[in-house]
Amino acid sequence: MAKAIKEYSLADLMDRIEEIFNTNPGAIRGFNAIVQYDVHGEEKGTYQHFFQDGKLTIKEGVSATPHVTMQLSYDSFKRFVLGRMSGTLALLTGKVRVKGDISTGLKIESILHRYHIREPF
């Protein structure tokens, strides 16, 4: 049975995102990048998302140099995944800090919109 996103740990949430993207990889075909999330707040962790050849692999920690790194709270990350927070607005209001290729970060937002991720997650 699907759970509300608030019931997920950060690690569980990353597993679920990987599952959703790889079940229907159409939106990530042709997108090749390493995106790093430095998450803080009630849940903390660093995760790298490896997009390659229509597949997403998520690894905890840092194992490669990312194209873009996004630093944000766990609450903001959940809102971003569900499309409840605009990446551009989050950047302008300081809810997310971006290092590296900002266009890659913005591409993630457009990919998420194509998945229409909603709760229950």
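The values are calculated or read from the model by the stated rules, or taken from the named source; none is laboratory data. A quick note: this is a predicted structure, and the numbers were derived from the prediction, not measured. In this analysis, Cβ positions are derived from the backbone assuming ideal geometry, glycine residues included, and neighbour counts consider all displayed protein chains. Heads up: the accessible areas ignore ligands, DNA and RNA and are worked out on the full protein's heavy atoms, side chains in. Shrake-Rupley method; radii C 1.70, N 1.55, O 1.52, S 1.80 Å.
Within the shell defined by Cβ-Cβ distances under 12 Å, the residues around Lys59 carry a net charge of -3, with Lys and Arg each +1 and Asp and Glu each -1. Charge dipole (Cα centre; +1 on Lys/Arg Cβ, -1 on Asp/Glu Cβ; no other charges) of the chain amounts to roughly 320 debye. Only lysine pairs 8 or more places apart, or on different chains, with alpha-carbon atoms under 22 angstrom apart are counted in the stretch 25-108, and they number 14. Taking every DSSP helix (H) stretch of at least 4 residues in the chain, weighting each as -39,500 (n - 2.57) and dividing the sum by the residue count yields a mean residue ellipticity at 222 nm of -10500 deg cm²/dmol. Here's how it looks for Ser73: its modeled amide H is under 5 Å from those of His40, which are all 5 or more places away or on a different chain.
Probing with 1.4 Å while keeping every protein chain in the model, the per residue accessible area of the chain equals 54 Å².
Here the accessible area is traced with a 1.4 Å probe on the protein chains. For the chain, carbon and sulfur cover 49 percent of it. Note on Val68: accessible area is roughly 0 Å² with a 1.4 Å probe, heavy atoms of protein only. Rg over Rh for the stretch 22-105 works out to 0.95, both radii taken from alpha-carbon positions and Rh defined as the Kirkwood radius.
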